[in-house]
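What follows is a short report on a single structure.
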Amino acid sequence: MSNIIINGYVDLSFEPVKEVFDNNFKQFDELGSAFSVKHNGQTVVDLKAGPIAIESEVDWSDQTLVNVWSSTKGIVAICYCILVSRGLISYQDKVCKYWPEFGVNNKSDITIADLLSHKAGLAALHEGATIHDLLSINAVDELANATPLWAPSKTSGYHILTYGTLVTELFRRIEGRFLKKFIEQEFYKDRGWDIHIGLPSEREIDAAEISVSHTLDLSIRNNASELQHRVFTSPTLNPLDANLQEWKSADLPSANGFSNAKAIADIYAALINSSDTLVSKEALSQAIEAQFEGDDIIMASFSRWACGFVLNTDGVFGPNPNSFGHSGFRTFIVSILAESTLCEEIVEDSLAERQRVGKLVSLIQRLPDGVPTSFLELNCILFDEFMI
């Protein structure tokens, strides 16, 4: 795409990032995107460019929101860490302590940590379920009464979509508010972080539209096991579902968060800032403790899960072994714990190949001198490339 105007800010030490960001529009099928980096609590890159929809004359701006897919799960992990920090729960509490109806059909011993680390075995609805079934009021009761698809608490299988239904209902049982309302009050209103579960009706004008690139890779669907097929198809998600009003109105914090690069970078920067009051140091330490290390039976790849966060594996989040975060379908995030901290967030509305973003994040690891060599390698952590 030509004639793209790059807006935003870049620190002089990170100036080459702007050139790479610009080249993405020239070399790839980029539509619109934003890229934000915080270093030591300061914003050093905050770029955005391109239209918010195909043939739109409205450019990406500070107000633009886009569906950030499973990056929403990382926000969920932060919300549960807040509950631990406030003394409302322990990660080892049984889910049925707060949600008694859940404790049937071999689920009575499932802990909150199990649920957050995808070990509950509830990764699908009934066979043939649709996205409308998932978004209906009946989904909560169906999952509460379901028998796990595998022995719970033993192994992880990525809960692509049902995760959202489970975690927001449990959160309501504990805290009194659904995650949608909690995030609206405590993140958006109290902190000014422009993040939402679903899209507020008054922000419809700010929403970027999801489009699908011809480079979208769905190869994981080929030769799927019976279990994988069940999860991938019950329900099946079309990426264009994110443009539907039903999706925008839902409380599905597995995948329908609407935000932008700057807001999510700010949230993670606060999370890992020891002087910030968002969470306690002890609660964060518990949140990033490994709950599962091994082959994820849905994604068929080696995974390391904490309590909702993805832990660094084989350097996919850079060389720092303490790195953690959560990526999503065309949204990429990494949070680094080190003497220096670096938070990166990229949000795009074109579901295209990862090479263009890889150039940006790999460049970040080299600039400037003294910045930790921390970056997000996209091919190993982009779970949601497989979710449709």
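Each value in this text was obtained by applying a stated rule to the coordinates, not by laboratory testing. Note that the structure is a prediction, hence the values are computed from the model and not measured. For neighbour counting, all protein chains shown are included, and Cβ atoms are generated from backbone atoms with ideal geometry for every residue, glycine included.
Overview of results
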| quantity | calculated |
| --- | --- |
| Neighbour-count order for L227, L47, L12, fewest beta carbons within 10 angstrom listed first | L12, L227, L47 |
| Trypsin sites (Lys or Arg not before Pro) restricted to DSSP loop in region 86-134 with at most 12 other C-beta within 10 Å | R86 |
| Computed lengthening from H126 to N238, 0.36 nm per intervening residue step minus Cα-Cα distance | 38.5 nm |
| Binned Cα-Cα distances of region 145-296, short to long, each 10 Å bin given as a whole percent | 8, 29, 36, 23, 3 |
| Chain lengthening between E246 and N273 when straightened (0.36 nm per residue, less Cα-Cα) | 6.1 nm |
| Nonlocal amide H pairs with F292, under 5 Å, H built at 1.01 Å | W305 |
| For region 49-62, Karplus couplings with θ = phi - 60° (6.51, -1.76, 1.60), whole Hz, Gly/Pro x | 6, x, x, 8, 7, 4, 6, 7, 9, 8, 8, 4, 9, 5 |
